[in-house]
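Enquirer: Handing you a structure now.
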Amino acid sequence: QLVDFAFYGAYYFGALILFILSNLSGMDIMNKWGYKNGIIYGLLLSCLGAISMFPAVQGASPGDSNIFYYVLVALFIVGLGFSLQQTAANPFVISLGESQKGAHRLNLAQAINSLGTTIGPIVVALILFGSTPKSGAELNEMISNGSISLSTIQMLYLSVGGLFLVAAALFYFSKKLPQAKDDSKFLKAPNALSALLIMTILLAASFYFIFDQYKDIPNDEIILNYTILSLIIVVGTLLISNKLAVKNKESWGAMQYPQLVLGMLAIFTYVGVEVTIQSNLGELLKVDLGNGLNPIGLPSMSDSQIAPLISMYWGGLMIGRWAGAIAVFNPVGKLKTWLYILVPYLAFGVILLVNSISGFDISTLYWFALCVAIQIGGFFLGKEKPALTLKIFGILGVLSVLLGLFSNGQIALYAFLSGGLFCSIMFPSIFALSINGLGKYTSQGSSFLVMMILGGAIIPPIQGKLADIIGIHESYWIAVICFIYLTYFAQKTGNLIKN
C-alpha cells in the first residue's frame, strides 16, 4: 500500500503546488503555459522520475530494504509528472470539440490508457523474467541464481523514461495541435488556498501518527481511527469550504461551484474504490480459512492463478471505455447499436487473447461475458448522458459489491471483478459534470479535481486496516459506501446542471 500512497499522493501535491504558484504569481500557470505545453512539462517530469530510478537502486543487493524508500521517491516524482499531465490533458481533450461530447472524448483517451494498463504488466513481465506467469517462489529462485538482477529493472526504467521523452517530443512537434489556452483574467482564490493548506497540514499530522505506530507493535484500532480521520479531514474541509464560498464567491475561486466541490469528492471516491477493489482482491483470494477455501468459498489461489483475474479487473475498465468512446465517431442508426454490442466483446476478446498468449489459464473467465452484457445494457439505458450513465453505473457498482458480499463461489468472484466494468466510464463522466459551467475557472477546477486522486492513497489503506480488524471479505463494505456516494453525485449534479 506504500506504493499506492506514494504514487497517488503525488497527484495531490503536484496539483496543489500548481495552484499555490498560480495564486502567488496572480496568473493561471496552466493557462500561461497552454494545456499542450502542460502535458509536455508533465511528461518531462515523469521522464526525470523514471530515470532517477537508476541511481535509486544502484549498488543495492537483494534484501536491502532501505533502497525501497528511494524507489518510493522516484515513483513520487513520476506521479508528480502524471499530476501535471492530468491537470492539462483532461480540459485539453474536452476543448478539442463540442462540450457535449467532452466526456466521450475523455472515454476515448481513457480507452487507449486502459489498453496499456491491460497489456503493460504482461510486457514488463516478459522483459524482466523472459516469460510469464511467475510465482513468488520462482522469482526468489531467479534472484538467488542471478538470472534476474536490479540492472534489468534499471534498464527497464531507463526505457520508460525514453518513452516519456518520445511522447513529449510528439506533442512538441505536432504543430497542428492547439495550445487550448483560456485567456480570461485569472482571479486569485486565497480562501481556497488557505483551506487546502490547512487540510494538507492536518493530513500530514494524521499520517505522521499512523507511520509512528509502526516504530513498535502497531495498534490496528489506532491506525484505523487515524486513517478514518484523514477521510473526515478531506470531506469536512471541502464541504465547509463550499458553504463558506456562498458568502464570498470571488475569494474562493472555483470552489464557489457546488458541482465542482461534489465532483472533487466524487473523484476522491472513484479513484479510491477503483484502486481498493483490486488492491485487496489478491489477498482475499489467497486467504485460506483452514479448509483450503478462501472467504468467498473458492479454493485458495496462488499468485499465478490470481494474475489473470486482476488482469480481467483492469480489462473491465478497458471494455467500458472502448464502448464509451464510440460516440466520438458519430455512428448512427443500427451501426451505432451494433457497435455498442460488438466493441465491448472485441475488448473482452483482446483481454482473453493477451492472457492466453501469456500462459495463463483463462477457462474461469469465459462466463464473465455475462457481466459484459450487463454493462452493455447500462450503456443503452444511459443514452450517452454523463449524469444518467454515471448514476446507472453507480447503482450497478453497489449491486455488484453487495452480491460479492452476500454470495459465494464464482458468482461472488465475478461480482467483485465486475467492479472494473462499472468504474470504467466514471472518471470522464465525473470530470465533465464537475467542470460544466466553470468558465474562466475551468483550469483551476481541473487542478482541484486532479488533487482528489488522493483518494487512491487514503481509501485503500482504510479498507486494508478494516480487513485486519473485521476480515478482508467484510472490509468490502467500504466499496459499497463509495459507489453509493457516486450514485448520489450523479443524481445531485444532474439536477444542478439542469437548474
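The values are calculated or read from the model by the stated rules, or taken from the named source; none is laboratory data. What you see is a predicted model; the values in this text were computed from it and never measured. Ideal geometry is used to build each Cβ from the backbone, glycine not excepted, and the neighbour counts take in all protein chains shown. Accessible surface is based on the protein model in full, side chains and every heavy atom, while ligands, DNA and RNA are left aside. Shrake-Rupley method; radii C 1.70, N 1.55, O 1.52, S 1.80 Å.
Enquirer: How many percent of the alpha carbon pairs in the stretch 289-363 exceed a separation of 18 Å? Please report the intermediate quantities before stating the final value.
Expert: On the way: 1494 of 2775 pairs.
Everything past 18 Å amounts to 54 percent.
Enquirer: If one computes the Cα centroid of the stretch 240-291 and of the stretch 435-499, what distance in Å separates the two points?
Expert: 2 Å
Enquirer: While we're on this one: Please compute, over every Cα-Cα pair in the chain, the percentage with a separation greater than 30 angstrom. Walk me through the numbers on the way to the answer.
Expert: Values: 59851 of 124251 pairs.
Pairs farther apart than 30 Å: 48 percent.
Enquirer: For W314, W252, give me the order by solvent-accessible area with a 1.4 Å probe, most accessible first, ignoring ligands, DNA and RNA.
Expert: On the way: W314 50, W252 20 Å².
Final ranking, largest accessible area leading: W314, W252.
Enquirer: With every protein chain present, what is the per residue accessible area of the stretch 434-484 (1.4 Å probe, Å²)?
Expert: Working: 1280 Å² over 51 residues.
With the other protein chains kept in place, the stretch 434-484 gives 25 Å² per residue.
Enquirer: If I stretch the segment between I112 and A60 completely, what's the gain in nm (0.36 nm per residue apart, minus their alpha carbon distance), one decimal? Before the final figure, lay out each step's value.
Expert: Details: separation 52, 0.36 × 52 = 18.72 nm, distance 3.55 nm.
Going from the current span to full extension adds 15.2 nm.
Enquirer: If I take R0 = 35 Å and measure r between the Cβ atoms of S174 and V73 in this structure, what FRET efficiency does the formula 1/(1 + (r/R0)^6) give, to the nearest 0.05?
Expert: Numbers: r = 32 Å, r/R0 = 0.92.
The pair S174/V73 has a calculated efficiency of 0.65.
Enquirer: Would you tell me the accessible area of K383, worked out with a 1.4 angstrom probe on the heavy atoms of the protein chains, in Å² to the nearest 10?
Expert: Approximately 140 Å² for this residue.
Enquirer: Please compute the per residue accessible area over the stretch 1-64 with all protein chains in place, 1.4 Å probe, rounded to a whole number of Å². Write down the numbers at each step before the final one.
Expert: On the way: 2640 Å² over 64 residues.
Dividing the accessible area of the stretch 1-64 by its residue count gives 41 Å².
Enquirer: Then there is this: What full-extension length gain, to one decimal in nm, is calculated for E221 and Q1 as 0.36 nm per residue of separation minus the Cα-Cα distance? The partial results should precede the final answer.
Expert: On the way: separation 220, 0.36 × 220 = 79.20 nm, distance 1.77 nm.
So the chain would gain 77.4 nm between E221 and Q1.
Enquirer: Starting from the amide H of L293, placed 1.01 Å from N in the peptide plane, find each other amide H under 5 Å away whose residue is 5 or more places distant or on another chain.
Expert: HN-HN under 5 Å from L293: S300.
Enquirer: Then there's this: Nearest 0.05, what FRET efficiency do V332 and F380 give at R0 = 22 Å with Cβ-Cβ as r?
Expert: So the FRET efficiency works out to roughly 0.90.
Enquirer: Can you send over the carbon and sulfur percentage of the accessible area for the stretch 375-499, probe radius 1.4 Å, protein chains only?
Expert: Looking at the stretch 375-499 in its full context, I get 66 percent from C and S.
Enquirer: Sequence gap at least 6, Cα distance under 8 Å: using those rules, report the relative contact order of the stretch 1-80 to the nearest whole percent. Can you show the working numbers first?
Expert: Numbers: 61 pairs, mean separation 40.2, N = 80.
This gives 50 percent for the stretch 1-80.
Enquirer: Quick one: of K36/K336; K36/K492; K383/K492; K36/K334; K32/K383, which pairs are farther than 29 Å apart, Cα to Cα? Please list the in-between numbers first.
Expert: On the way: K36/K336 32 Å; K36/K492 32 Å; K383/K492 18 Å; K36/K334 37 Å; K32/K383 37 Å.
Check vs 29 Å cut-off fails for K36/K336; K36/K492; K36/K334; K32/K383.
Enquirer: I need to check one value: relative contact order of the stretch 347-483, counting alpha carbon pairs closer than 8 Å and at least 6 residues apart, in percent. All intermediate terms of the calculation are to be shown ahead of the outcome.
Expert: On the way: 94 pairs, mean separation 30.2, N = 137.
Relative contact order here is 22 percent.
Enquirer: Counting only heavy atoms of protein chains, what accessible area per residue, in Å², does the stretch 242-358 have with a probe of 1.4 Å?
Expert: Values: 4590 Å² over 117 residues.
Per residue, the stretch 242-358 has 39 Å² of solvent-accessible surface.
Enquirer: May I ask you to derive the FRET efficiency for F209 and Y345 from their Cβ-Cβ distance with R0 = 51 Å, giving the value to the nearest 0.05? Walk me through the numbers on the way to the answer.
Expert: Numbers: r = 49 Å, r/R0 = 0.96.
It comes to 0.55.
Enquirer: Starting from the Cα of S151, step 7 Å along the direction of its Cβ; do the same at E138; then give the gap between the two resulting points in nm.
Expert: For the pair S151/E138, the computed spacing is 2.4 nm.
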